[in-house]
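What follows draws every value from the coordinates through simple rules; no lab data is involved. Here the structure is a predicted model, which means the values were calculated and not measured. No Cβ is skipped: glycine too gets one built from the backbone with ideal geometry, and neighbour counts run over all protein chains shown.
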Amino acid sequence: MLGPNGAGKSTLALLLGGLLRPGAGRVTATAELAGADARTPPHRWRAPALARRIGSVFQDPEHQFVTGTVFDELALGPRRTGQPEAAVRVTVDGLLDRLRLTTLARANPYTLSGGEARRLSVATALATAPRLLICDEPTFGQDRRTWLELVDLFAELRDAGHGVVTVTHDPDFVAALADRTITLGRP
Ligand SMILES: Nc1ncnc2c1ncn2[C@@H]1O[C@H](COP(=O)(O)OP(=O)(O)OP(=O)(O)O)[C@@H](O)[C@H]1O
Ligand SMILES: [Mg+2]
């Protein structure tokens, strides 16, 4: 999803993610994604159902951290969907490893660097294995290594059949991954 500052990309991302109630119009999800909730707009789905279906990564990663450690942040979604603690640990350890955060498992999320915080925010969205991942400017401010890791990760998710929607101003990211682009106009 492309477009100039203020075009409404982040707003649309929140609407698609079921995190904002539309002031006008309707958001509907396919039966493939919504299952029994196909007639209900995503913002009215129960939290565990939403977490299993759609993962959202905010433009500012700090705005989504709500626990005191990186580990608990990653465990939050799986715990909420009722996973037993042993399974939660396996999921979290896998994500810590995949996103190079293992040594930071006990750190407070608010003390992470920008790149680490971004990796954590993506990892938390993936922790419940949602069918659809929505990421707002995932590559903003990332170094080459993290950029490549994010591109690899999104390509893997796409190839495994997950939907990936990203807001971006990054033409290299679009060239590397996008099957389809939508450009929102200047307001
Ligand atoms: N509650 C609100 N009422 C009215 N306008 C709002 C409200 N919340 C946000 N806006 C405006 O909506 C517009 C779209 O904001 P949004 O954050 O979606 O833009 P964006 O395309 O993500 O921009 P950027 O590229 O800078 O991140 C902005 O002009 C913003 O000020
Ligand atoms: Mg935005």
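Quick notes on this structure:
- Over all projection directions, the Cα-based convex hull of the chain averages an area of 10.7 nm².
- At R0 = 45 Å, FRET efficiency that the Cβ-Cβ distance of S113 and H43 yields, to 0.05: 0.90
- Full-stretch length increase - T103, R180 - with 0.36 nm per residue and alpha-carbon distance subtracted: 24.0 nm
- The base-10 log of I(q)/I(0) for the stretch 55-155, evaluated at q = 0.12 Å⁻¹, reads -0.33 [Debye formula, identical scatterers on Cα atoms, solvent excluded].
- Relative protection proxy for 50-59, 12-21, 118-127, 80-89, from highest mean packing down: 118-127, 50-59, 12-21, 80-89 (other beta-carbon atoms within 10 angstrom).
- Zone of L33's modelled label, taken as backbone nitrogen in the stretch 155-169 under 12 Å from a point 7 Å along Cα→Cβ: 162-166
- Structure-based [θ]222 nm, the chain - -39500 (n - 2.57) summed over DSSP H runs of at least 4, per residue, nearest 500: -12500 deg cm²/dmol
- Here is the size of the stretch 1-111 from its Cα atoms: Rg then Dmax, 16.1, 45 Å.
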